[in-house]
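The values are calculated or read from the model by the stated rules, or taken from the named source; none is laboratory data. From a predicted model like this one, the values you see are computed outputs, not experimental measurements. Cβ sites come from the backbone with ideal geometry, for glycine too, and all protein chains shown count toward neighbours.
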Amino acid sequence: MSHCKLAIHMEPNAKKNEAVAFTSGYLRLKIAVKPDDSNDEYGNEEIISFLSELLEIDRNRISIMLGKNFRIKLLGIEGLSSRQVHEKLKPHLKS
């Protein structure tokens, strides 16, 4: 089974969840979570939920490998290659 790593830069406090662009090796995501929300301070659950919808995979196939407490994170995605992830995300990017 394929496995890929995806580096993301999360921007909290957005009006809605958005995949913005691939810049400097990171996927920029705007996430509708407040930075001080004690239940999901760094948007981890919201990021996994949002990406699972965009990639059309189960949430349990996405894990946060590094950066659980930071805006920059490294995700592991099971069942998709890097190329497949980029192809699935491309139509959703704003720029």
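Can you find even one residue in region 45-57 that is under 13 Å from the mean Cα position of the chain (by Cα) and modelled with pLDDT under 95?
yes
Could we say that residue 17 is at pLDDT 95 or above and in contact with a Phe, Trp or Tyr (Cβ under 7 Å, 6 or more places away or on another chain) here?
yes
Tell me which of these residue 68 doesn't satisfy, since it passes every other one: (1) out of contact with any strand residue (DSSP E or B) (no Cβ under 9 Å at 6 or more places or on another chain); (2) within 19 Å of residue 12 (Cα to Cα); (3) modelled with pLDDT of 95 or more.
Single failed check for residue 68: (3).
Do any strands (runs of 3 or more DSSP E) lying entirely in the chain carry at least 3 residues that are crowded, with 18+ Cβ neighbours inside 10 Å, and which ones are they?
Result: 3-11, 26-30, 72-78.
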